[in-house]
Amino acid sequence: MIGFLRGILAHKAPPLLLLDVHGVGYEIEAPMTTFYNLPAVGTEVKLHTHLVVREDAQILFGFSTEADRALFRNLIKVSGVGPKLALTLLSGLTAEQFQRAIQDNDTQTLVRLPGVGKKTAERLIIEMRDRLPEFGGGDAPVVSLNQSPVTNTPKQEAISALCALGYKPQDAAKMVQNIAGEDKRCEDIIRLALQGAAR
C-alpha cells in the first residue's frame, strides 16, 4: 500500500493530477477539496494516498489531509458507494459539512450531489453515523493554496471537472455559465458551482 507521495506537481486537470516522484509520474485522482489547496505546477507537494486495485485498473487517489483520506476509506465501505461516488461526495462537501449532514439526518444536502439518490443518502446516514469519530479531527492541509494556468480556460476546465464528477455536460455548463468573470481560477469556479448546487 502506498501511504503517501511527495514529489513535484507536474500537471493538474481536475479531477486528475500528475505527480513527479524522482522521475516517475504518478497519475492521481483527487477530490476538489484537495485541488483547492494545490500549489502551482512545479512546486513540491505531499499527498496522502489510497490505492484501489481492480481487474482492469489500479487507481491512486490523493488527499491533502489524513482526515479526508480516512473519510474516503469509510465511504467506500458503505454498500453501493464506490471510489467515484466517494470522490464526488468529498468534492461537493467538506468533511465538516458531510459530518453535519450525517448528524442532522440531512438527506436533502446529500441528494443534491450527482449519483446520490434518496436510498443512498439514507444508507450513508445509517452506516456512517457510527464511523464519524474515526475520521473526526482536522489536521491542516499539507499543500498550500496557489494556482498555475492550464491549457484550457478556467471555465472549460471547470466544466470538464464537473462532468468527471458525474454531472451531465449541460448541467455542468449551466452551473458554470452563471459564474461571472473569466479571471476566476478553475478551482474557484468549481467551488462556487458546487456551493450553488448544494443550496
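The values are calculated or read from the model by the stated rules, or taken from the named source; none is laboratory data. All values reported here derive from a predicted model rather than from experimental measurement. A quick note on method: Cβ atoms are made from the backbone with ideal geometry, for glycine too, and the neighbour counts reach across all protein chains shown. The area values use the complete protein model at the heavy-atom level, side chains included, leaving out ligands, DNA and RNA. Shrake-Rupley method; radii C 1.70, N 1.55, O 1.52, S 1.80 Å.
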How many residues of the range 69-88 are surrounded by fewer than 16 Cβ atoms within 10 Å (Cβ to Cβ) and among the aromatic types (Phe, Trp, Tyr)? The answer is 0
If you scan the range 58-68, which residues turn out to be open to solvent by 10 Å² or more (accessible area, probe 1.4 Å) and either among the aromatic types (Phe, Trp, Tyr) or under 18 Å from residue 114 (Cβ atoms) (or both)?
none
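Residue by residue, here is whether (1) within 30 Å of residue 46 (Cα to Cα); (2) modelled with pLDDT under 70 holds:
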{"position": "89", "(1), (2)": "yes, no"}
{"position": "106", "(1), (2)": "no, no"}
{"position": "124", "(1), (2)": "yes, no"}
{"position": "181", "(1), (2)": "no, yes"}
{"position": "187", "(1), (2)": "yes, no"}
{"position": "199", "(1), (2)": "no, yes"}
Scan of the range 18-46 for residues that are among the aromatic types (Phe, Trp, Tyr) and open to solvent by less than 20 Å² (accessible area, probe 1.4 Å), ordered by number:
35
Determine the pairs where a residue that is at positive phi, located within the range 38-58, has a partner that is outside any strand (DSSP E or B) and open to solvent by less than 60 Å² (accessible area, probe 1.4 Å) with Cβ atoms under 9 Å apart, the partner being 6 or more residues away or on another chain.
42/148
